[in-house]
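Since the structure comes first, as structure tokens, the remarks are kept for the end.
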Amino acid sequence: MSVKDTSKKGASYVKKSPWIIHYDAASCNGCDIEVLASLTPLYDVERFGIINTGNPRHADIFLVTGSVNEQAKPVIEQIYSQMVEPKVVIACGICACSGGVFKTCYNTMGGIDQVIPVDVYVPGCAVRPEALIDGVVRALDILEQKRAAMDAGLPVPTPEVKLGVETPRVLHTQDDPDESGTPIEPAAQGGEGAKR
Amino acid sequence: MAKKTLVPFGPQHPVLPEPVHLDLVLEDETVVQAVPQVGYVHRGLENLVDKRDFQQFTYIAERICGICSFGHSMGYSQAVENLMGIEVPERAEYLRVIFHEMSRMHSHLLWLGLAADAFGFESLFMHSWRLRERLLDIFERTTGGRVILNFCIPGGVVHDIENTELEAIVSTLRGMREDYDQIAATFLDDASVRSRLSGVGYLSKADARTYGCVGPMARASGWDVDVRNNGLGAYSALADFKPVTSQDGDCYARCQVRVEEVRQSIDIITELASKIPDGETLVKIKGNPAEGAESLTRIEQPRGEAIYYIKGNGTKFLERCRVRTPTSTNIPGMCATLGGSDLADVPNIVLTIDPCISCSER
Amino acid sequence: MRFQDTKFIQIDAQDILGIATAKRADDWRFLEVHANRPNKEGKVEIVWSFFDDRALQAVAYEAFVDPGSSVDSLSGIFPCAFMFENEMHDLYDITVRNISLDYHGNFYQVTCDAPMMDRDADKPRRTVSLGNGGTYATTAPDAPVQGEARQDPAAPAHEDERPDAAGAATGE
């Protein structure tokens, strides 16, 4: 794979073997079994040193499938907040990207980016393992950029959380707001603001 | 006096592919009561009957669950045909059953891999899923999709599969059989698997009937409930079909039943591919479901009996589509078997039920 | 048999406990219970279905009840019924008396109470509160949801049934 090595301080510890955590947020399971199929010998993401872990604190990449429902929302937020920076979120499958065929159902929020910041979107129904590996490789680049930013003391670039259509807000997830990196834009409407 | 503690299991757990939450009430290490909490995958898709007409709803029905996807499209199509009195060509019935049995095989191989992984047999997980890829190759070659096939619609199947292709499918399955026998033997004959699964999670035949369990879970307790035995569709063309049962009723028996069902599916496909008649594969549906018409049909999904209730209202939109999946009926039985088991056995018991939560919550 | 014949029988909702007890004594199997959305008269239809393994016959009993009314639970006779009855309570606001395991409305955490009772295809999105105290509400109640074209129930579903289709339908 040809990825740009943006590391200035020598070999990257992050790109060598990032660990994945996978969660099914109201998905039909099609994308989940393709995520697991990517680990199997035919597609084999393990050649990148990637291991599927169950512990959010060990994981660098968060693979989420499914159009989020109300009950899954706090679970995703909790897993995301337990992961340690630098971290990347990959939305697998069209349901995770935008809600898919279930977008207008009463219990779906319509995509992962309504809840947590998403870095890579991988479409497909169900998402093909080849596309997933492509997404993971791009996520490794983004992970490397975040690590470099952290090492240099710069703010970590975090994408927006796109809540609703008219009122996008930035959901800040770092625990200590005083040392927060990402500048928060107060929302245009609804002046409660998004700062934690 | 033993102190009672509450231990939450799930929804995010390494052994579970899907989110289900169990509240386990423990006394020391023994589970006294298990209370399920579902709803993590509830999307409310039954409300989409308002927005998708009855033919478009096939695509929603397929996406109820990715593992049982073909079964849902077949069940829904059969329900619509039952509702409107449409007779499907015989060749289409045979093709549907062939693909349904392949779907059952892929589901059982998937389950075998996950069960092995839960035991720590990671390489068996890899082998089982590597074998499953051959089935997914067949799906992709014939229908274009690996997981969601878009093949079965009300009226028949979308396009014909030629007899030469069917012969190629049968020879692929025959080639898989030897590898599969090796994998199954490695799992079932292993001493540690046997000791961890035998006698664990026992469900008697009487309890299986009381709790209304279906599928391999009930068949492992000695009750031969199987919709394929009812002579519907192309299953009536089989010379001799007996549901695979076991008398032991424990986790090991459930594993044995599923392992044997894969072999039975290979036999079914081989037999039907040799008997398949020529002819049309799709009839066009005219008109809409009549007002007040209702139909209730059943099929045998990999996990048990699934029920499809459909009601029409005279327009092209259905009034109601209700799917009852086997896992909804098996979960109360599972909670009953969890009572009295050790905490360490809980993941094994949950896995041998083969829960498909996204099916049961729609 | 090519078609699956299910008998549909209309009953009164208070008779279901007697019917279920008789079915259990006859060794029938309980399939499921669910509710249908309100019909034109505003009544909710509850459907209980049972199956006889020997005769391979499914029977469904249907009762019309007023929204918000209550029915008896079958979970004392058929233990697996509690899953369906809790779901019916959450989605259709039908109270079920004496469920063996009663979640009291917490079976599914859904965005609104009794979501299936509303027939509106373009449901207004609810107001959601963020964890930090802010709220937002999405699309206006009667505007179509982005990307969804309203479908006309009266329009025919198929190309060749449109009234101005030229000539007879082509052979299929």
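The values are calculated or read from the model by the stated rules, or taken from the named source; none is laboratory data. Quick caveat, the model's predicted, so the values are computed rather than measured. Cβ coordinates were reconstructed from backbone atoms using ideal geometry, including for glycine residues, and neighbour counts include every protein chain displayed. Accessible surface is based on the protein model in full, side chains and every heavy atom, while ligands, DNA and RNA are left aside. Shrake-Rupley method; radii C 1.70, N 1.55, O 1.52, S 1.80 Å.
What percent does the relative contact order of the stretch C:6-119 come to when contacts are Cα pairs within less than 8 Å and at least six residues apart? Each step should come with its number before you reach the end.
Numbers: 207 pairs, mean separation 27.9, N = 114.
Computed value for the stretch C:6-119: 24 percent relative contact order.
Assuming a ≥ b ≥ c are the square roots of the Cα gyration tensor eigenvalues, decide whether the stretch B:172-262 counts as rounded (a/c under 1.5), prolate (otherwise, with a/b larger than b/c) or oblate. Mind dumping the intermediate values first?
Numbers: a/c = 3.34, a/b = 1.05, b/c = 3.17.
Taking the square roots of the gyration eigenvalues as a ≥ b ≥ c, the stretch B:172-262 is oblate.
What average number of partner chain Cβ atoms lie no more than 10 Å from the Cβ of the residues making up B:134-147?
Partner-chain Cβ atoms within 10 Å, mean over residues of B:134-147: 2.
Just how far, in whole angstrom, is the stretch B:5-31 from the stretch B:293-362 if you go by their alpha carbon centroids?
20 Å
Quickly estimate the mean residue ellipticity at 222 nm for chain B, helices only: each DSSP H run with n ≥ 4 gives -39500 (n - 2.57), and the total goes over all residues, rounded to 500.
For chain B, the value works out to -15000 deg cm²/dmol.
Which of these, B:Q264, B:Q247, B:Q182, has the largest mean-square fluctuation under a Gaussian network model of chain B (Cα springs below 10 Å)?
Of the options given, B:Q182 has the highest mean-square fluctuation.
Cβ neighbours within 10 Å, averaged per peptide: list A:59-72, A:119-132 in order, most packed at the top.
Per-residue Cβ counts within 10 Å, averaged per peptide and sorted highest first, yield A:59-72, A:119-132.
Give me the accessible area of A:Y43, 1.4 Å probe, in Å² rounded to the nearest 10.
Here the residue's solvent-accessible area equals roughly 30 Å².
Out of the stretch B:258-362, which GluC sites (Glu not before Pro) are coil in DSSP terms and have no more than 16 other C-beta atoms within 10 Å?
Passing both the DSSP loop test and the Cβ count: B:E280, B:E291.
Restricting attention to the stretch B:24-127, which GluC sites (Glu not before Pro) occupy a DSSP loop and are surrounded by at most 12 other Cβ atoms within 10 Å?
B:E29, B:E87
Mind checking the stretch C:11-99 for GluC sites (Glu not before Pro) that DSSP puts in a loop (not H, G, I, E or B) and that have at most 13 other Cβ atoms within 10 Å?
Passing sites in the stretch C:11-99 are C:E41.
Excluding same-chain pairs closer than 8 in sequence, count the lysine pairs in the stretch A:15-156 whose Cα atoms lie under 19 Å apart.
Going through the stretch A:15-156 pair by pair, I get 7.
For peptide A:36-45, what's the mean number of Cβ atoms from other chains within 10 Å of each residue's Cβ? Write out the running numbers ahead of the final one.
Values: counts 7, 9, 0, 5, 10, 6, 8, 2, 1, 0.
Shielding by partners across A:36-45 averages 5.
If I take all pairs of Cα atoms in chain B, what percentage of them are more than 37 Å from each other?
Every Cα pair in chain B considered, those over 37 Å come to 19 percent.
Are any of the pairs B:K51/C:K43; B:K242/B:K284; B:K242/B:K311 more than 26 Å apart by Cα-Cα distance, and if so, which?
Values: B:K51/C:K43 22 Å; B:K242/B:K284 35 Å; B:K242/B:K311 33 Å.
Over 26 Å apart, Cα to Cα: B:K242/B:K284; B:K242/B:K311.
What is the stretch B:1-105's relative contact order, in percent, from Cα pairs under 8 angstrom and six or more apart in sequence?
After rounding, I find 15 percent.
Just subtract the alpha-carbon distance of B:H159 and B:A206 from 0.36 nm times their residue separation and send over the number in nm, one decimal.
That pair, B:H159 and B:A206, stretches by 12.4 nm at full extension.
Could you work out which residue, out of B:I169, B:I161, B:I331, moves most in a Gaussian network model of chain B, that is, has the largest mean-square fluctuation with Cα springs under 10 Å?
Top of the fluctuation ranking is B:I161.
Counting alpha carbon pairs within less than 8 Å and at least 6 residues apart, what relative contact order, in whole percent, applies to the stretch B:4-361?
Answer for the stretch B:4-361 is 26 percent.
Taking every residue in B:44-56, how many Cβ atoms of other protein chains lie within 10 Å of its Cβ, on average? Spell out each step's value before the answer.
Working: counts 14, 7, 6, 13, 6, 2, 10, 9, 2, 6, 1, 2, 3.
Per-residue shielding by partner chains comes out at 6.
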